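Worksheet: the structure to be examined is printed underneath.
The values are calculated or read from the model by the stated rules, or taken from the named source; none is laboratory data. Everything quoted here is computed from the prediction, not taken from an experiment. Glycine gets a Cβ as well: all are built from the backbone with ideal geometry, and neighbour counts include every protein chain shown.
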Amino acid sequence: MMDRLAFLISEGIRNIVRHKLTATTTVVSMVLNLAVLSVLFVIGVNSHQLIEYVRSKYKIEVFFLPDVRTDDLSRLKSEIDAIEGVRSTTIITSDDAKRIFKDQFGEDVELMLGYNPLPPSCVVNVVRDTKEPVYPEAIIRQIRALEGVDEISYQGRLITRIEKAYEQAVKIEVLIAAVILLITIVIMSGTIRLSAYARQELMKSLQLIGASRWFIKIPFMVESILLSITAGLLTYGLTMGALRWGNVLLSRYRFHINPDPMLLPALLLVSIFVGIVSAQRAVSKFLRT
């Protein structure tokens, strides 16, 4: 069994050696395509961190009725915390609001008016680390239904525009990645098809003596996977080098592009997938009975 496996792997390597120029051209073409996928991957990771930062600025301000007691504030806080999509809440009592007003404007509103007109309130922060778009309308509807709530203020239109723009950008990124992946498979399939065409008589002979289709396909799969992995590793090296160089330039603007540790595993998985699918697609044509 091990001898047979070693033979099949060595045949795949020999195929690469026999077609060195074609293999080199294919690897270069794949590196260009995988580089685009790497860029999309890095953009996706960093854009999600950016949207998380933007979401951390989403604020829903809930104003309660002036006669709400301290015990009721604790109950309301617990009820709001239990709403799906709420990350955290901060209660601001009437006294807290008076102190904040004085810090900001330098005036004591109670001395000015003879009473404290500022109602108790609550600042609600929504979740930010989700892959799904965040639309606070559902949270607001549930908050409005709570007893003791007077008014709610939030940047509805701005939040909706940001989330829709992010959702659209993700869809475009996925579409581009799918197109690039398809092009990569087509390129690799062409290379393997040339290799299979040069050995089609041998494949027919192997079929005649009872060799299975998989026995015939495996050397071409080995060839395809080795070329794909080589392209993936080269792409990873180029991407990391470009990121380091880019971060040096961006450091003066206090901006940093974070490389994700999943980039290398993702590139290798994509490379293996491309190798298997390309070989299967290219060789099956010559094994039809």
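Any idea how many residues of the stretch 50-85 are farther than 17 Å from Thr160 by Cα and under 25 Å from the mean Cα position of the chain (by Cα)?
Selection size over the stretch 50-85: 1.
Name the residue, out of Val36, Val109, Val124, Val68, that is within 30 Å of Leu264 (Cβ to Cβ) and either out of contact with any Leu (no Cβ under 9 Å at 6 or more places or on another chain) or surrounded by 14 or more Cβ atoms within 10 Å (Cβ to Cβ) (or both). If you could, list the steps in order and put the result at the bottom.
Values: Val109 fails: within 30 Å of Leu264 (Cβ to Cβ); Val124 fails: within 30 Å of Leu264 (Cβ to Cβ); Val68 fails: within 30 Å of Leu264 (Cβ to Cβ).
None of the others qualify; the one that does is Val36.
Give the residue that is farthest from Cys122 (Cα to Cα), with candidates limited to residues of the stretch 50-96 that are out of contact with any Asp or Glu (no Cβ under 6 Å at 6 or more places or on another chain) and of a type in the set (S, T, N, Q).
Ser56
Could you tell me how many of the residues in the stretch 148-181 are in a helix (DSSP H, G or I) and either in contact with an Asp or Glu (Cβ under 8 Å, 6 or more places away or on another chain) or basic (Lys, Arg) (or both)? Quick ask: steps written out before the conclusion?
Step one: list which residues in the stretch 148-181 are in a helix (DSSP H, G or I), which gives 156-181.
Pick out the ones that are also either in contact with an Asp or Glu (Cβ under 8 Å, 6 or more places away or on another chain) or basic (Lys, Arg) (or both) and you get 156-157, 161, 164, 171.
Result for the stretch 148-181: 5.
Would you check which residues across the stretch 243-281 are under 14 Å from Leu34 (Cα atoms), more than 15 Å from the chain's Cα centre (by Cα) and small (Gly, Ala, Ser) and list them?
Within the stretch 243-281, Ser271, Gly275 qualify.
Restricting to the stretch 165-192, and then to whatever is among the polar types (S, T, N, Q) and at pLDDT below 85, can you tell me which residue is nearest to Glu132 (Cα to Cα)?
So in the stretch 165-192, the residues among the polar types (S, T, N, Q) come out as 168, 184, 189, 191.
Checking the rest, the ones that are also at pLDDT below 85 come to 189, 191.
On the way: Ser189: 36, Thr191: 40 Å.
Restricting to residues being among the polar types (S, T, N, Q) and at pLDDT below 85, the top hit is Ser189.
Working carefully through the options Ser224, Ser278, Ser251, find the one that is in a helix (DSSP H, G or I), without any contact (Cβ under 8 Å) to a residue 12 or more places away in the chain and either more than 20 Å from Phe41 (Cα to Cα) or not assigned by TED's automatic domain parsing to the domain that holds Val28 (or both). Working first, answer last.
On the way: Ser224 fails: without any contact (Cβ under 8 Å) to a residue 12 or more places away in the chain; Ser278 fails: without any contact (Cβ under 8 Å) to a residue 12 or more places away in the chain.
After ruling out the rest, the residue left standing is Ser251.
Please go through the stretch 157-189 and pick out each residue that is buried (at least 16 other Cβ atoms within 10 Å of the Cβ) and small (Gly, Ala, Ser).
Answer for the stretch 157-189, where residues must be buried (at least 16 other Cβ atoms within 10 Å of the Cβ) and small (Gly, Ala, Ser): Ala177, Ser189.
More than 18 Å from Leu65 (Cα to Cα), touching a Ser or Thr at 6+ places or on another chain (Cβ under 9 Å) and loosely packed, with under 14 Cβ neighbours inside 10 Å, is that true of Glu84?
Working: more than 18 Å from Leu65 (Cα to Cα): yes; touching a Ser or Thr at 6+ places or on another chain (Cβ under 9 Å): no; loosely packed, with under 14 Cβ neighbours inside 10 Å: yes.
Criteria not met by Glu84.
I'd like to check something: does the stretch 88-108 contain any residue that is of a type in the set (A, V, I, L, M, F, W, C) and touching a strand residue (DSSP E or B) at 6+ places or on another chain (Cβ under 6 Å)?
The initial filter retains those residues of the stretch 88-108 that are of a type in the set (A, V, I, L, M, F, W, C), namely 91-92, 97, 100-101, 105.
If we keep only those that are touching a strand residue (DSSP E or B) at 6+ places or on another chain (Cβ under 6 Å) as well, we get 91-92.
Checked the stretch 88-108: at least one residue is of a type in the set (A, V, I, L, M, F, W, C) and touching a strand residue (DSSP E or B) at 6+ places or on another chain (Cβ under 6 Å).
Quick check: anything in the stretch 134-156 of a type in the set (Gly, Ala, Ser), in contact with a helix residue (DSSP H, G or I) (Cβ under 8 Å, 6 or more places away or on another chain), closer than 18 Å to Phe63 by Cα and modelled with pLDDT under 85? Let's see the steps before the verdict.
Restricting attention to the stretch 134-156, the residues satisfying the condition of being of a type in the set (Gly, Ala, Ser) are 138, 145, 148, 153, 156.
Those still in the list that are in contact with a helix residue (DSSP H, G or I) (Cβ under 8 Å, 6 or more places away or on another chain) too: 148, 156.
Pick out the ones that are also closer than 18 Å to Phe63 by Cα and you get 148, 156.
Checking the rest, the ones that are also modelled with pLDDT under 85 come to 156.
Yes.
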